[in-house]
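Values in this text are rule-based calculations from the coordinates and carry no lab data. Bear in mind the structure is a predicted one, so any value in this text is a computation, not a measurement. As a convention, Cβ positions derive from the backbone with ideal geometry for all residues, glycine included, and neighbour counts pool all protein chains shown.
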Amino acid sequence: MSAITKTYFDTKVLALIAVAIVINIVGGQFNDLLRLPIFLDSIGTILVAVLAGPIAGAITGIFTNVIIGLIFAPVAAAFAPVALVIGLVAGLLARAGWFRTIWQTVISGVVIAAALTVVAVPIRIYIFGGVTGSGADFFVAYFSSVGQTLVSSVAFTVFGSNVADKVLSALLVWGLVRQLPERLTAGYDYLKFSKAAA
Amino acid sequence: MLNSSIYCPGESSLHRANPLTKSTGLFTVVVTSFLLPPPALWVVSAIILLIGLACGVGGSVIWRYVLLSLPFTLAVFVFHGAILPRSDMQPVLGWLHYSLTGLEHASLVGGRISLILASSLLFVSTTAPATLLRALDAARWPPGLSFLLASPLLLLDQFTGRARAISDAQQTRGLSVDGSPWRRLQALRMLLVPLLTSALADAQERSHVLTARGFRALPYRTVIDPPADTRFQRFLRWSLAVFMAMETAFMVLR
Amino acid sequence: MIEVIDLHVGFASSDVLKGVSLRVAQGERLAILGGNGSGKSTLAGWLAGWFSGGTHRLTAGGCLWNGKPWDDYTLVERAATVQLVGQFPAQHISGRAFTVAEEIAFGPENLGLPHEEIVTRRDETLAACHLEHLAGRDPFTLSGGEQQRLVIASALALRPKLMILDEPFSNLDPEARSHTLSVLNALPADVSVIIMDTNPDTVLGWANRLFVLHEGKISEFGNIRATLFDPTVIATIGLPAVTRCFLEIERGSGSAENLSRDNLPLTFVEAAAILRRSRSA
């Protein structure tokens, strides 16, 4: 193709990232309806990671938080590195073929939750003093009062509140990409790594 | 809920300033907040809220500031002042203890968040997203960047409506949103799959349209009405950038 | 101009287009009729050079603009040459512009055109597509018909030499349909226009040439009448509504004129003329 500019991202991936960001923001709406104890705010990020790789996933994460910061709650922007890690790790796992079977996907969800904890804990402690002003603070308070250090109290809370969400999100994406028609997935390079071996 | 955009239209000098100048200012405040002592953090927060009042966006900024910072500030003072075990814990009454160093730390962390929050709110309430994007394009940032900021903002209402339509349609067809957690998980799948599928179809079609309209065919684009910029603002941005670099160097070397 | 030579295209499993050949000269107004699943959208996409990147598999043949395939042109050249307006206007809004005016300027801005040129094009197309009163609105809040005109305007602002419209009338109410038709009638004479549609009613009286796409193959039967009255075409597409209605009336009354496929009315204007003549006779 004789395009003048060589860009890292195909416009197709860029358009995908844009709708994925919206899915991340809108996903919580279904949660209000179903009252499940999960966030559903990174399904779009994981979907992009599986379809288009770690860098695209990371960008989806960063921009989701920047946009939430721009229109709803500026504090969300401080957690952009956490969203970045979710996309990055999900993309690397997809590249390694860990979105092929249901059990691999469950493990991928746990690994994503563990990786995001590593990034979220320093941000929570250094910038926010370990609290957020939400219900999760009661867990941090409980763990600290029974003798845990601040770091481990926050880490337990972050991992505990994220693991179910990330496993479910990963499973939803896994179920979706298996049933998508060819027409919708044509041109996404990373999908081949998640196709179950026939 | 904070479900409406924060931007408030207006004619103040802050509204008219170039978005790049304002964002450089915001970054400077964020970096500086890591150097200021607690009393200064709270004083500067108050000053920023007053600037908001002077620019005619005070009501909305202060309301959101209180709503977003109050729960956090309370939590941080209670947690560090009275719960997290510290060596200088003093008894107050019965089982209730307090720690002076804990309260000081809470004031530092709370003050920093308060300042960052107040200045971010002031920035977004005086900057229309469309103007910010034109400023980025005019400064020849990659067109993909402004697209990733603009597109989700524009598509949000459409997708919120679509999500609602899907949930209405599925519930009319007998989808139950109550019941055991397992059933509700099944319901979640029934709701999310149509939404994600339609999103993928949109992305596929839109990428063709964007390419056909010459999007990213060149590394820059013409902007027909770029936000006003002045020599003074350019000077200010460079000065702030140098100042931030000095602050960062100081923090690292300290 | 554009030339399609024995185009075979498909997805992995089956071919959608099975040997389509077509030649369109400058300024021609072409209608391609076909039922659902006949391959109209696929053909439209190939004509516009959208699918050359690998979404669809090309088995044989190709599509040439002035003798060269689309891949030989830069994206800037392609944008200024061919524009495709799709079936669902909301999907064809860029998602990058906060107002109707910005949406129209989006394409010309991408091509790095001079400031005054963009403003002129924006204002001209706003007027040509009857969108001036909506210039400041958010594109996603417009009605379907308004979005349709906006997509056409955004395409026109790039001053293409070939415009392709895929079922431009299918999702519109009658009023929006006549608005769109008036925009199409006012398109510059040197622009070639191809409309894909499922029924002949809206394009008759507009098109110079009529093609029928059926099961991935395209046919033209000499002139418009020959095409419309071909038995296989009547079986798949059906007669125009006016003609059908006229035949229904004729069967009951018997007319002064001898009606055959050479003079049966296709449009309201023709039907009205015949009725007037038979009344005065």
* Asked: Name the residues in segment C:123-152 that are within 10 Å of chain B (Cβ to nearest Cβ) and charged (D, E, K, R), would you?
  -> C:ASP138
* For segment C:96-117, what are the residues that are at negative phi, of a type outside the set (A, V, I, L, M) and assigned to a loop (DSSP other than H, G, I, E, B)? -> C:ARG96, C:PHE98, C:THR99, C:PRO114
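How many residues does segment C:156-176 hold that are farther than 23 Å from C:LEU33 by Cβ, without any contact (Cβ under 8 Å) to a residue 60 or more places away in the chain and assigned to a loop (DSSP other than H, G, I, E, B)? Talk me through it step by step, then tell me what you get.
The first filter runs over segment C:156-176 and keeps only residues farther than 23 Å from C:LEU33 by Cβ, leaving C:156-159, C:161, C:175.
With the extra rule that they be without any contact (Cβ under 8 Å) to a residue 60 or more places away in the chain, the set shrinks to C:157, C:175.
Restricting the remaining residues to those that are assigned to a loop (DSSP other than H, G, I, E, B) gives C:157.
So the count comes out to 1.
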* Structure fact -> Over segment C:203-233, the set of residues part of a loop (DSSP other than H, G, I, E, B) and closer than 10 Å to C:ALA31 by Cα is C:VAL203, C:LEU204, C:TRP206, C:ALA207, C:ASN208
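Let's see how each residue does on (1) under 17 Å from the mean Cα position of the chain (by Cα); (2) closer than 25 Å to C:THR42 by Cα:
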{"residue": "C:VAL193", "(1), (2)": "yes, yes"}
{"residue": "C:GLY205", "(1), (2)": "yes, no"}
{"residue": "C:GLY216", "(1), (2)": "no, yes"}
{"residue": "C:THR227", "(1), (2)": "no, yes"}
{"residue": "C:ASP230", "(1), (2)": "no, yes"}
{"residue": "C:VAL233", "(1), (2)": "no, yes"}
{"residue": "C:ALA241", "(1), (2)": "no, no"}
{"residue": "C:ILE274", "(1), (2)": "no, no"}
{"residue": "C:ARG277", "(1), (2)": "no, no"}
* To do: State yes or no: is B:ALA212 touching a strand residue (DSSP E or B) at 6+ places or on another chain (Cβ under 7 Å) and either within 9 Å of another protein chain (Cβ to nearest Cβ) or under 30 Å from C:GLU117 (Cα atoms) (or both)?
  => yes
* Which one of B:ALA150, B:ALA135, B:ALA106, B:ALA139 is crowded, with 19+ Cβ neighbours inside 10 Å and more than 7 Å from every other protein chain (Cβ to nearest Cβ)? -> B:ALA135
* To do: Return a yes/no flag: does segment B:2-12 have any residue that is closer than 30 Å to A:GLN29 by Cβ and of a type in the set (D, E, K, R).
  => no
* Could you tell me which numbered condition A:GLN104 fails, if it satisfies all but one of (1) polar (S, T, N, Q); (2) in a helix (DSSP H, G or I); (3) in contact with a helix residue (DSSP H, G or I) (Cβ under 8 Å, 6 or more places away or on another chain)? => (3)
* Would you mention how many residues in segment B:172-187 are within 9 Å of chain A (Cβ to nearest Cβ) and surrounded by 14 or more Cβ atoms within 10 Å (Cβ to Cβ)? => 4
* Asked: What residue, among those in segment C:84-122 that are facing chain B (nearest Cβ under 7 Å) and touching a strand residue (DSSP E or B) at 6+ places or on another chain (Cβ under 8 Å), is nearest to B:ALA199 (Cα to Cα)?
  -> C:HIS92
* Identify, from the list B:SER99, B:SER120, B:SER151, the residue that is more than 20 Å from A:THR64 (Cβ to Cβ), hydroxyl-bearing (Ser, Thr, Tyr) and in contact with a helix residue (DSSP H, G or I) (Cβ under 8 Å, 6 or more places away or on another chain). => B:SER99
* Structure fact -> By residue number, the members of segment A:166-190 that are farther than 23 Å from A:VAL26 by Cβ and of a type in the set (A, V, I, L, M) are A:ALA186
* **Set B:SER198, B:SER114: member being without any contact (Cβ under 8 Å) to a residue 40 or more places away in the chain, more than 7 Å from chain A (Cβ to nearest Cβ) and not aliphatic (A, V, I, L, M)** => B:SER198
* Structure fact -> In segment C:119-152, anything assigned to a helix (DSSP H, G or I), crowded, with 17+ Cβ neighbours inside 10 Å and free of Cβ contacts under 8 Å to residues at least 40 places away in the same chain is listed as C:ARG121, C:ARG122, C:THR125, C:LEU126, C:LEU134, C:GLY145, C:GLU146, C:ARG149
* Please determine, by comparing only the residues of segment A:163-198 that are surrounded by fewer than 20 Cβ atoms within 10 Å (Cβ to Cβ) and among the acidic types (Asp, Glu), which one is farthest from A:SER42 (Cα to Cα). => A:GLU182
* Selected residue (criterion: nearest to the other protein chains (Cβ to nearest Cβ)) from residues of segment A:67-106 that are β-branched (Val, Ile, Thr), crowded, with 18+ Cβ neighbours inside 10 Å and more than 30 Å from B:ALA118 (Cβ to Cβ) -> A:THR105
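Output the residues belonging to segment C:153-163 that are within 13 Å of chain B (Cβ to nearest Cβ) and either surrounded by fewer than 18 Cβ atoms within 10 Å (Cβ to Cβ) or not aliphatic (A, V, I, L, M) (or both).
Selection gives C:SER154, C:ARG159, C:PRO160.
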* To do: Restricting attention to segment B:53-99, report how many residues are within 11 Å of chain A (Cβ to nearest Cβ), of a type in the set (Phe, Trp, Tyr) and under 20 Å from B:SER120 (Cα atoms).
  => 2
* Structure fact -> All conditions in (1) surrounded by 17 or more Cβ atoms within 10 Å (Cβ to Cβ); (2) on the phi > 0 side of the Ramachandran plot; (3) free of Cβ contacts under 8 Å to residues at least 24 places away in the same chain are true of B:HIS97 except (2)
